[in-house]
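Quick notes on the structure that follows.
The values are calculated or read from the model by the stated rules, or taken from the named source; none is laboratory data. All values reported here derive from a predicted model rather than from experimental measurement. Positions of Cβ are backbone-derived with ideal geometry, glycine not excepted, and every protein chain shown enters the neighbour counts.
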Amino acid sequence: MLRYFTTGESHGEALVAVLSGLPAGLKIDQAFVDRELWRRQQGYGRGGRMKIERDSAHILSGVRHGLTIGSPISALLENKDWKNWQESLPVEEGDPAKHKRVGSPRPGHADLAGALKYNFPEARYILERASARESAARVAIGAMAKLFLRELGIDILSHVVAVGEVSIAAEMSWDQIAAVCGREEILLNCADAQVEQRMRDEVDKVLKTGDSVGGVFEVVARGVPPGLGTYAQWDERLDGLLAGAVMSLQAVKAVEIGTGISSAASPGSTVHDEISYKASSGFAGFQRGGNHAGGIEGGISNGEEIRVRGYLKPISTLRRPLQSVDFASREPVKAAYERSDVCVVPAAGVAGEAMVALTLARCALEKFGGDSMGETLRNFRGYCQQLKTY
Ligand SMILES: Cc1cc2nc3c(=O)[nH]c(=O)nc-3n(C[C@H](O)[C@H](O)[C@H](O)COP(=O)(O)O)c2cc1C
């Protein structure tokens with residue numbers, strides 16, 4: 001079973017991710033993992049921190065001579081900012097005068113709920129862990145899940161569908177999304193160049209006013225065979241697993257599979273994807289007239305592209321802070337401000353890809369899993385053959 005954990009504070013020494021359950025013999029391409037980390041750091045509207053960090057996954061265990069060995073993998077991502085925080089956030093007691101308190105909880109953050117829950121008099125430790133810096137660790141192991149899925153012919157990408165009130169009008173094809181993801185300079189990762197400029201204006205608007213903006217990303221997985229996930233038990237449904245995985249990302253407040261949201265207001269005749277047959281097509285010769293289902297029916301992948309959208313609320317930290325209360329005096333004050341992004345939709349899309357990859361890899365391993373890649377691929381190819389001769 002594929003399992004994973006992350007640890008680390010935003011301004012601590014490092015993040016660490018542990019991924020257990022990948023078969024032995026999978027080639028780990030370090031350059032690919034680091035490029036995924038780089039992609040998460042890009043996008044118009046990111047804060048100053050992205051200029052300090054250039055993430056790289058330092059693999060500590062589970063990979064030898066470039067291949068997984070079936071043991072848990074651990075990867076360490078250094079926080080380059082640690083040198084400026086060693087005295088403020090030491091592991092040992094340190095000098096309390098140098099600790100950086102967060103004296104007033106910021107609306108939209110975990111600050112208040114977390115301080116109440118863990119019984120801290122201020123919010124420093126809360127934001128250290130609730131911060132989306134943690135998503136970098138997920139991207140590192142998500143990249144490894146992607147490398148595994150590639151061996152099965154499954155690829156995953158994302159693009160930005162909306163920033164604030166600006167959105168693309170049409171569905172973007174895989175090739176259009178691949179072209180924008182391959183760029184060396186990432187603006188808003190939108191596959192429509194004109195809309196991307198308008199998205200940029202939307203970010204400029206909030207930059208000027210000290211506000212922030214949210215948006216929507218879409219993750220697309222191509223090459224997924226029919227049969228991942230099942231309706232047999234509620235917690236094995238692929239749509240439920242993907243929704244939980246994507247929703248678990250910081251700032252994601254809604255998840256949509258296919259055209260789920262607009263489908264709720266449409267008649268069935270325009271929503272359900274009609275079925276036809278052409279022997280040479282797809283995994284088993286069946287074709288669809290559209291993909292409103294986003295590649296999942298009855299909690300099972302149906303062989304079409306899987307399309308999952310994450311809806312992000314606007315960034316919570318505002319340069320023009322919202323009203324709050326001082327933890328100590330209970331007097332009204334403006335919320336604390338720490339350096340912040342104003343728009344993170346492209347980066348959240350990359351983290352969304354990681355969560356989709358980890359989820360699909362888990363389901364693929366449940367269906368085809370062996371201890372080695374040879375065994376897993378044999379199982380996978382046997383199943384594909386079964387589909388071909390269905
Ligand atoms: C990639 C990424 C980067 C983020 N960067 C920031 C940031 O710089 N400032 C901020 O206030 N929130 C940022 N967020 C969102 C917060 O982490 C998140 O809203 C906050 O922790 C509260 O959690 P919740 O929105 O899930 O309830 C970011 C989210 C993502 C996905």
- Residues of segment 245-278 being more than 16 Å from the ligand (Cβ to nearest atom) and in contact with a helix residue (DSSP H, G or I) (Cβ under 6 Å, 6 or more places away or on another chain), in sequence order, are I257, S263, V271
- Item | Residues satisfying the stated conditions in segment 323-342, i.e. away from the ligand (no atom under 11 Å from the Cβ), surrounded by fewer than 18 Cβ atoms within 10 Å (Cβ to Cβ) and of a type outside the set (G, A, S) | Q323, V325, D326, R330, E331, P332, V333, K334
- Might you check whether a residue that is away from the ligand (no atom under 13 Å from the Cβ), of a type in the set (A, V, I, L, M, F, W, C) and under 30 Å from F32 (Cβ atoms) occurs anywhere in segment 124-141? yes
- Query: If a residue has to be more than 15 Å from G352 (Cα to Cα) and either buried (at least 24 other Cβ atoms within 10 Å of the Cβ) or in contact with an Asp or Glu (Cβ under 8 Å, 6 or more places away or on another chain) (or both) to count, how many in segment 209-221 make the cut?
  - Reply: 2
- Lone qualifier among L228, L242 - being buried (at least 19 other Cβ atoms within 10 Å of the Cβ), away from the ligand (no atom under 16 Å from the Cβ), closer than 24 Å to A137 by Cβ and at pLDDT 95 or above: L242
- Subset of segment 158-206 [of a type in the set (G, A, S), under 22 Å from the mean Cα position of the chain (by Cα) and assigned to a loop (DSSP other than H, G, I, E, B)]: G164, S173, G182, A191
- Return the residue satisfying two criteria in turn: it lies in segment 104-123 and is more than 9 Å from the ligand (Cβ to nearest atom) and not in a helix (DSSP H, G or I), and of such residues it is farthest from Y337 (Cα to Cα). N119
- Task: Please work out which residue is surrounded by the fewest Cβ atoms within 10 Å (Cβ to Cβ), limiting yourself to segment 303-316 and to residues that are in a loop (DSSP other than H, G, I, E, B) and within 16 Å of the ligand (Cβ to nearest atom).
- Result: K313
- Query: Does S88 count as more than 19 Å from the chain's Cα centre (by Cα) and either assigned to a loop (DSSP other than H, G, I, E, B) or under 30 Å from V216 (Cβ atoms) (or both)?
  - Reply: yes
- Return the residue satisfying two criteria in turn: it lies in segment 1-31 and is outside any strand (DSSP E or B) and of a type in the set (A, V, I, L, M), and of such residues it is modelled with the lowest pLDDT. M1
- Considering only residues that are basic (K, R) and more than 25 Å from G215 (Cβ to Cβ), look in segment 267-309 and name the one that is nearest to the chain's Cα centre (by Cα). R288
- Answer yes or no: is there a residue in segment 7-23 that is hydroxyl-bearing (S, T, Y), without any contact (Cβ under 8 Å) to a residue 60 or more places away in the chain and within 21 Å of E375 (Cβ to Cβ). yes
- Task: Could you tell me whether any residue of segment 64-83 is of a type in the set (A, V, I, L, M) and within 16 Å of the ligand (Cβ to nearest atom)?
- Result: yes
- Matching residues in segment 273-302 - criterion: being under 20 Å from E218 (Cα atoms) and surrounded by fewer than 21 Cβ atoms within 10 Å (Cβ to Cβ): D273, G290, N291, H292, E297, G299, I300
- Of these, E53, E92, E87, which one is in contact with an Asp or Glu (Cβ under 9 Å, 6 or more places away or on another chain) and at pLDDT 95 or above? E87
